[in-house]
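Asker: Would you mind keeping the following structure in view while I ask a few things?
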């Protein structure tokens, strides 16, 4: 295999940057949503649940278009960011937002399941031993749901890495800025003779996804070592 | 169901002064007793709400009415609106379902309350026959071993009272005798309340036995 060309390296860097930032940015929000959905009862909960999962069933193109409307010059988010002189349109940050929104439902789900499967009597036992709510959370709740957090991070990263539709509509494919691996592969397949290069990128995407899964399995095994 | 017992003598501050109405799932009942003894046993068949009573005293189940006082300290009083959170009650509860923290080793479980030094943890482990198990995960313990860890964990929290739910289940006779001695020793510093279905066990360590 010949060494990677500059555009290929650029696509890899954009992909890793976008997916990494999308995952890290969505994680706290996904954690909060998982906690609220698993532990709190409130009116409108089914509505919030549906809203979180909406990107899962909506055509990604629609999600991208709605992001474009929201973050556009006249959109509410676009105007709010414009006040600070920030625009995410056609920027890699916009690609990260699109990928984060698409990854969110996949990240909420494993953390919510981990919380719902948790034996809450253990938290009660910790409280009876004098632990404050904060200490119970840090020493019991968080470690016991760690495998769920890891699963969420990996799923989110993988989803963000593969995101295509919403990103293409929202920030289009600008090489070196918003053109991630899937967008680059798509672009190469549109031009005559681009197929060999597309294949190389496809193999690269495969390698990155595979590495992420192997790393996830390792961390998950470590987090659950007391179960073996 | 109503259970009403106790010594109605002129004690100023009995160790336990409990009168609570509990409602939990299918179970509803009232428990009322006072005891000034260092070790009190509540004996009765299962399904009578004995475990719920201990959970209520520990602050993990809220009674619908009544009061819970321990050595003059009010932990719960429905009338006065007092309901101390479990973490502030400072009671050592050994659960019937043990509830060891699965992600912590035996050593970390013993020290969870954070009130014992490493030397005290080691000494407690030795007394409970757990020295060889200190580095193990709870999942690899037998029922009796787990129960001893739970007892040690509660004792190392330096509780104002020790609450035991069927503490001698899953223990063979020799080990049960050792644990009974340990519980009796604990009774010297903090009152012990134990619930059991086994009259012989109750008689072995409790000065006062309340049948329900």
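Asker: Which one of these does residue B:165 not meet: (1) in contact (Cβ under 8 Å) with a residue 60 or more places away in the chain; (2) within 14 Å of another protein chain (Cβ to nearest Cβ); (3) within 20 Å of residue B:188 (Cβ to Cβ)?
Answerer: The one condition residue B:165 does not meet is (3).
Asker: Sticking with this structure for a sec: Would you confirm whether or not region A:197-220 contains a residue that is within 13 Å of residue A:22 (Cβ to Cβ) and surrounded by fewer than 21 Cβ atoms within 10 Å (Cβ to Cβ)?
Answerer: no
Asker: Just one of B:104, B:134, B:84 is away from chain A (no Cβ under 12 Å), within 23 Å of residue A:136 (Cα to Cα) and surrounded by fewer than 21 Cβ atoms within 10 Å (Cβ to Cβ); which is it?
Answerer: Result: B:134 is the single residue among B:104, B:134, B:84 that is away from chain A (no Cβ under 12 Å), within 23 Å of residue A:136 (Cα to Cα) and surrounded by fewer than 21 Cβ atoms within 10 Å (Cβ to Cβ).
Asker: From B:170, B:140, grab the single residue that is within 11 Å of chain A (Cβ to nearest Cβ), surrounded by fewer than 21 Cβ atoms within 10 Å (Cβ to Cβ) and without any contact (Cβ under 8 Å) to a residue 60 or more places away in the chain.
Answerer: Unique residue meeting the criteria: B:140.
Asker: Pull up region B:34-60, narrow it to residues that are out of contact with any strand residue (DSSP E or B) (no Cβ under 6 Å at 6 or more places or on another chain) and within 13 Å of another protein chain (Cβ to nearest Cβ), then point me to the one that is surrounded by the fewest Cβ atoms within 10 Å (Cβ to Cβ).
Answerer: Among residues in region B:34-60 that are out of contact with any strand residue (DSSP E or B) (no Cβ under 6 Å at 6 or more places or on another chain) and within 13 Å of another protein chain (Cβ to nearest Cβ), the one surrounded by the fewest Cβ atoms within 10 Å (Cβ to Cβ) is B:60.
Asker: For region A:127-151, enumerate the residues that are part of a helix (DSSP H, G or I) and either within 21 Å of the chain's Cα centre (by Cα) or facing chain B (nearest Cβ under 7 Å) (or both).
Answerer: Across region A:127-151, the qualifying residues are A:127, A:128, A:140, A:142, A:143, A:144, A:146, A:147, A:148, A:149, A:150, A:151.
Asker: While we're here: Does region B:67-80 include one or more residues that are surrounded by fewer than 18 Cβ atoms within 10 Å (Cβ to Cβ), assigned to a loop (DSSP other than H, G, I, E, B), touching a strand residue (DSSP E or B) at 6+ places or on another chain (Cβ under 9 Å) and within 14 Å of chain A (Cβ to nearest Cβ)?
Answerer: Among the residues of region B:67-80, not one is surrounded by fewer than 18 Cβ atoms within 10 Å (Cβ to Cβ), assigned to a loop (DSSP other than H, G, I, E, B), touching a strand residue (DSSP E or B) at 6+ places or on another chain (Cβ under 9 Å) and within 14 Å of chain A (Cβ to nearest Cβ), which makes the answer no.
Every number in this text was worked out from the coordinates using simple rules, so none of it is lab data. Fair warning: this is a prediction, and the values are worked out from it, not measured in the lab. Backbone-built Cβ (ideal geometry, glycine too); neighbour counts: all protein chains shown.
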